[in-house]
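*Asks:* Pasting in a structure now, in structure tokens, and then I'll have a few things to ask.
The values are calculated or read from the model by the stated rules, or taken from the named source; none is laboratory data. None of the values given here were measured: they were computed from a predicted structure. So basically every Cβ, Gly included, is an ideal-geometry build from the backbone, and we count neighbours across all protein chains shown. When the accessible area is computed, the model is the full protein with side chains, heavy atoms only, and any ligands, DNA or RNA have been set aside. Shrake-Rupley method; radii C 1.70, N 1.55, O 1.52, S 1.80 Å.
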Amino acid sequence: MDHHANRLRGRLPARQGQDAWAKGVFPAAHERLKQAAAAMPPDAPAQPFVDALTELVQAQAGTTGFVVLHRWAEILERHFPPQLPDPEHTTE
């Protein structure tokens with residue numbers, strides 16, 4: 001067996017241990033995030049970031065893999081929509 005295969009085999013138990021640890025702590029950490037987000041004043045400058053992070057973490061909680069790119073785009077687009085040009089604003 002080559003050196004690379006030995007290294008990969010050695011990582012498997014560590015990876016499985018990390019996954020088990022993450023599955024154990026994620027629900028409580030997710031709940032703390034939701035509580036902190038709920039305690040934030042709605043007019044706080046960081047509110048769009050908090051809302052996006054909370055929604056992304058919720059999306060991650062609903063999957064066993066990674067949140068797919070199109071889901072990230074939907075969430076970010078919702079919380080950080082493109083700014084439309086202001087018809088009242090002139091550069092003259």
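*Asks:* I need a count of the residues in region 42-56 that are open to solvent by 100 Å² or more (accessible area, probe 1.4 Å) and assigned to a loop (DSSP other than H, G, I, E, B). So that I can check it myself, show each step before the final result.
*Replies:* In the first step, residues of region 42-56 are kept if they are open to solvent by 100 Å² or more (accessible area, probe 1.4 Å); the result is 42-43, 45, 49.
With the extra rule that they be assigned to a loop (DSSP other than H, G, I, E, B), the set shrinks to 42-43, 45.
Looking only at that region, the number is 3.
*Asks:* Please state which one of Ala39, Ala59 is among the small types (Gly, Ala, Ser) and surrounded by 14 or more Cβ atoms within 10 Å (Cβ to Cβ). Reasoning before the result, please.
*Replies:* On the way: Ala39 fails: surrounded by 14 or more Cβ atoms within 10 Å (Cβ to Cβ).
Matching residue, one of Ala39, Ala59: Ala59.
*Asks:* If I go through region 62-88 residue by residue, how many of them are open to solvent by 80 Å² or more (accessible area, probe 1.4 Å) and under 12 Å from the mean Cα position of the chain (by Cα)?
*Replies:* So the count comes out to 3.
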